[in-house]
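Peer 1: To start, I am sharing the structure in question, which I have written as structure tokens.
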Amino acid sequence: ACGDFSTYTNPASGKETCFSIQTTWKSWTGAEGNCVQRGGHLASIHDNEFNSFLRNAAREAGIYDSFHIGLTDSNAGTGFEWSDGSDLNYSNFGPGIPNINYGHCMHAQIQNLPGLSSDMWFNEQCKGYSLPYVCTKN
């Protein structure tokens with residue numbers, strides 16, 4: 001059912017999520033546009049298992065620093081929300097994050113940095129900050 005996306009099955013719930021890891025570097029805005037063209041959105045992450053799974057899958061694809069995820073507060077004032085409209089029912093923000101001084105979009109940092117777990121989320125600029133990215137669709 002995932003077409004040209006891969007399938008992730010949550011080990012606890014059995015729920016399937018379609019995902020696609022993109023190693024081409026784009027801005028958050030450009031990456032979201034590409035995911036939408038393919039029938040999805042930038043990744044929405046709703047539990048620790050999927051967060052860790054994406055970190056490992058990204059590393060296997062040759063991404064070692066960070067990748068865009070679908071969290072944004074570009075509808076200023078409403079707080080951060082997933083670009084696919086799903087509930088923000090799980091988060092893994094880095095220390096002092098969200099901090100919109102750093103930007104209105106988010107990436108997952110998968111590099112092992114001192115004192116941080118390796119899949120925390122950080123603010124970034126939505127345009128002009130290019131990274132690989134992950135698309136998801138349900």
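Peer 1: Mind listing just one residue for me: the one in region 62-105 that is in contact (Cβ under 8 Å) with a residue 60 or more places away in the chain and under 19 Å from residue 49 (Cα atoms) and, of those, surrounded by the most Cβ atoms within 10 Å (Cβ to Cβ)?
Peer 2: 68
Peer 1: So in region 108-129, with the set limited to residues that are among the hydroxyl-bearing types (Ser, Thr, Tyr) and touching a residue at least 40 places away in the same chain (Cβ under 8 Å), which one is farthest from residue 53 (Cα to Cα)?
Peer 2: Applying the filter and picking the extreme gives 129.
Peer 1: Consider region 1-47. How many of its residues are out of contact with any Cys (no Cβ under 9 Å at 6 or more places or on another chain) and part of a strand (DSSP E or B)?
Peer 2: 5
Peer 1: Then there's this: Restricting to region 17-53, give me the number of residues that are under 17 Å from residue 93 (Cα atoms) and among the polar types (S, T, N, Q).
Peer 2: 4
Each reported figure results from applying straightforward, stated rules to the coordinates on display, with no laboratory input. Quantities reported herein were computed from a predicted structural model and do not represent experimental measurements. No Cβ is skipped: glycine too gets one built from the backbone with ideal geometry, and neighbour counts run over all protein chains shown.
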